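Since the structure comes first, as structure tokens, the remarks are kept for the end.
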Amino acid sequence: MNSWGCAIDGCTDRIVMSSEETSGQENIREFQTPACVIMPKKTTGYYQTGIDAQKSRICRGYAWPPESRFDPDNGIRRLPISLAWKLLILAGDQRASWKVSRNVQIPLVKPIAEHITQQLPDLLEHFVLAIPNDLHEYGQSALISAIKRKSYDVTLLWRPVAAAMAWCDGLSNAEKTQIEDDDNLIVIHLGADIFEFSSMRLKKKTIDDKEYVVPIRSRPKDNKIMSGVSLVASAAENLIYSLYGGEADPQAVWQVFSAFPDLWQSVINGNYTRDEHAVINVNETWEAWTPNGKIEKSLLSAHPKSEWLEKVVSDCANLKNSNFMPDSGDVVDIVTKRIKDVISECNKDKEIVGAVITGNMGHLPCGGNKTLRDVAISTLKEAGLNCEEWDRPVSTYIYSPQQSDNELIAKGCLIYQQRIENGLPTYLDTLPKLDIRAWVNYKHVWSPLVKAEEVEGGTDYKNVLEKRFAVTPGQKELEFYLRREDADEFRKLPFSLPIEASEEIALDMNVTMKPAQGFASVEIVPHKSKAFGAEHLYLDWAQMESAQLPIEDAGYGYPETFRIETHPEVYIKLNNVFQRYLNTQLNSSNYERVIEEFRAKVNKPTQVLIGTKWYSYRVVDDNGFFPDGVDETLGQKVLQKMEGDLNIILNQGRRLFVDTKLSCLRQAAAWLFAAAPGNVIEHLRNEIKRDRTKTERDVVYGAGRSFTRHNDIALFFEVAIERIEESEAGTNVWINSMSKILQHREDAPQCLTRKDALFLARFAYNRMRNQLYKRNIKQIFKNSAHLFLYLLRWRTVGNFLSEGSEYELGQDVKDVLEDAAEISTKPYIKEVLEEIAKYIDFKGSKIIKGFPDE
């Protein structure tokens, strides 16, 4: 089977196929002129593409003949493909269409599909097409359907993944050996349709003694759209204004934007000089078209926004105008910020081992003899990457093939297809999280139809949900409520069974989805009964109606995180303690006594009288902030001294008296929670990594108070579970610290896998059950109950303890808590235990934080 890889954005289209003769790759298409499609006047009819569309005078922007006019109010039949791609991305989960006449709208996927397939041979069976990283499942499904109607079978592949796969494939064997799992690769696409900025983790896989490096795609977080089409449209406005003065003639701007190659070729190739004679119709007169001296200046003054293009889109596309708005501001500032944002998202514990720059807008002039590509390279070099001209990807270097534009992406598509055919690793993807509201164990719960987890690219994701719904006798109609991770609203999907149920029938759902291949498919099957066969339900988000959830009484099902309260009076009371520490040198014989005094003062709340009542406050909150309204100068000096003292101690090597000072210092610093200096956090992290299950108690407690970053918290949970698996004896320090993390850090549950959350829940249950058997409802029982309470916060990630064996575990814990409450002699402990038991079934009636004496 011949393999074809396609990167077709309507600006610099690239198609490569495998060459059997050379066992390599051959570029068989190379279009340099921005492409348009001429659409029919009606929904059915002939589409002009390629050279025919370029030469056509339809909607070209001339005053005469009539079919050449640019008249957005009555529709525009000429559509640049790069603009069509951008609008398809912006449409999200809505049907995107373009007005070709006053009463006729044509779906945007049709001209895109026409443009793509006119470049392919008739007998081609299958090809891989690169798609923008932000293309919604609705757009994916619509595009696949439109291409299939042209009798082609297509597989979609994310564009940054294609570039990353080509980069990984081009590495030498020696370079692949040096790369470690979770190292970072940055992929930048400066495209006509959209600018994309992505960071990907890398993973190594070995098949038949051969090592492969594969990218791991994360779902894009920033949906602000910036693109080449907006920049070129803005430059077209500038150019017409500079050449002819007055208010830029919209028809003339359209000619320059959609029919003339001057601006486009200047951006694509870095320069363009028109040799042939041409004329332009401007202000209803014909003028000689001689723009050469003005092109660079027009591009230099181009803005990310084009008011003219926004007006055209508002008139012809069924999109809200606000959806079309790209970033405002200076192009260089925006691109620089977006690249720095991507760098900041990289795994800080791993290296940035390379970067790829693709796309066709890299030669956009930015002043000072620099281009947009130069700006991107300069920003990446600040992150430690090197830049030299290589003919292949090289580790730690920026790979930016100047003349290949989208060819690298097309090659990545080809590599993907060849690996799929040979059963080799491709990439890992994160699917969009999709939940369905189901009736389980007498209550509504959200069940994950599609979990946000990593899956192998090119393979089907499958998820089986048993007994999520039940139909009652005589029932035929069902209503499904769904929510997506990237949507602010719920959607309702009515569904009819083929027959009325003669008895209560439990329903299973078999979910199938493939990365970048459109919507998930759900098969609804009776759990045991053979009342009817499998019914298919396609989760087309766009076809579901927006809906409010039915109102129902619901109690608390998990606790909220809570803040540590601060007060200026505490800060003032501790000024003397701070000053004594600042006045004590590290080599002083009093250092340990002073730092121990410091620790003793900050590790417990301070009583403050407000009115007639005493309240407890600390000097910093859980996020490390001093009280509002205080002069932080003294506190900041303390943190700076701690940082310096620790550096000196660590440089002295491990000795008894040094270790004593080290222990005192890190305990004091960690009681400042997230305010602990960065090198203290790093030291605690290194100690946990080094000692694992043998980590010292004060390091464990300190990390539990001061860790805030996802990777640090995930490491802590990982080692804590190792310690519990090794031996449950002496694990209170780990249990208490995990509880502290979960009760103060909002995103901490995301650092636990479902498997780990369940492991800890069972561990807490077993400890409580053993203590109940001894009728010992004291510290060990309370610590375990407190941990279990905050493990319920995993319900902010997904369904937890609400189905199957998980549900049974939750009920077992509830029984233990209720039995313990009965024999407890302390009313406040009894009350908390009873409330935790209610939380398990989402029947909590009070906000609880734990035990009042903790």
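Scanning region 216-249 for residues being more than 28 Å from residue 347 (Cα to Cα) and either under 31 Å from the mean Cα position of the chain (by Cα) or of a type in the set (A, V, I, L, M) (or both) gives a total of 13.
For first residues located in region 420-437 and farther than 9 Å from residue 483 by Cβ and among the polar types (S, T, N, Q), partners that are in a loop (DSSP other than H, G, I, E, B) and open to solvent by 30 Å² or more (accessible area, probe 1.4 Å) and lie 6+ apart or on another chain with Cβ distances below 8 Å form the pairs 430/218; 430/219; 430/452; 430/453. For residue 140, only one of the following conditions fails: (1) closer than 25 Å to residue 211 by Cα; (2) open to solvent by less than 10 Å² (accessible area, probe 1.4 Å). What is its number? Going through (1) closer than 25 Å to residue 211 by Cα; (2) open to solvent by less than 10 Å² (accessible area, probe 1.4 Å) one by one, residue 140 breaks only (1). Under the condition of being open to solvent by 10 Å² or more (accessible area, probe 1.4 Å), touching a residue at least 60 places away in the same chain (Cβ under 8 Å) and in a strand (DSSP E or B), the residues counted in region 104-129 number 3. Against the conditions (1) touching a residue at least 60 places away in the same chain (Cβ under 8 Å); (2) among the β-branched types (Val, Ile, Thr); (3) in contact with a strand residue (DSSP E or B) (Cβ under 9 Å, 6 or more places away or on another chain); (4) surrounded by fewer than 24 Cβ atoms within 10 Å (Cβ to Cβ), residue 267 satisfies every one except (4).
When residue 213 is tested against (1) open to solvent by 10 Å² or more (accessible area, probe 1.4 Å); (2) over 17 Å from the mean Cα position of the chain (by Cα); (3) under 24 Å from residue 423 (Cα atoms), just one condition goes unmet, and that condition is (1). Here residue 84 meets the list (1) out of contact with any Phe, Trp or Tyr (no Cβ under 8 Å at 6 or more places or on another chain); (2) in a helix (DSSP H, G or I); (3) farther than 16 Å from residue 118 by Cα almost entirely, failing just condition (1).
Annotation note: of 111, 160, 121, the sole residue that is under 24 Å from residue 258 (Cα atoms) and not β-branched (Val, Ile, Thr) is 111.
Residues of region 598-620 being surrounded by fewer than 16 Cβ atoms within 10 Å (Cβ to Cβ) and not aliphatic (A, V, I, L, M), which ones? If you could, list the steps in order and put the result at the bottom.
So in region 598-620, the residues surrounded by fewer than 16 Cβ atoms within 10 Å (Cβ to Cβ) come out as 600, 603-605, 607, 609-616.
603, 604, 605, 607, 611, 612, 613, 614, 615, 616, listed by residue number.
Taken over region 680-700, the residue count meeting the criterion of being buried (at least 21 other Cβ atoms within 10 Å of the Cβ) and not aliphatic (A, V, I, L, M) is 2. Against the numbered list (1) assigned to a helix (DSSP H, G or I); (2) loosely packed, with under 14 Cβ neighbours inside 10 Å; (3) without any contact (Cβ under 8 Å) to a residue 24 or more places away in the chain, residue 653 comes up short only at (1). Put simply, of 375, 332 the only residue that is open to solvent by less than 30 Å² (accessible area, probe 1.4 Å), touching a helix residue (DSSP H, G or I) at 6+ places or on another chain (Cβ under 7 Å) and among the aliphatic types (A, V, I, L, M) is 375.
Residue count for region 132-147 under the criterion of being closer than 20 Å to residue 219 by Cβ and out of contact with any helix residue (DSSP H, G or I) (no Cβ under 6 Å at 6 or more places or on another chain): the result is 5.
The values are calculated or read from the model by the stated rules, or taken from the named source; none is laboratory data. Being a predicted model, the structure only gives us computed values, none of them experimental. Note that we place each Cβ from the backbone using ideal geometry, even for glycine, and neighbour counts take in every protein chain shown. Just so you know, the surface numbers come from the protein's heavy atoms only, side chains and all, with ligands and any DNA or RNA stripped out. Shrake-Rupley method; radii C 1.70, N 1.55, O 1.52, S 1.80 Å.
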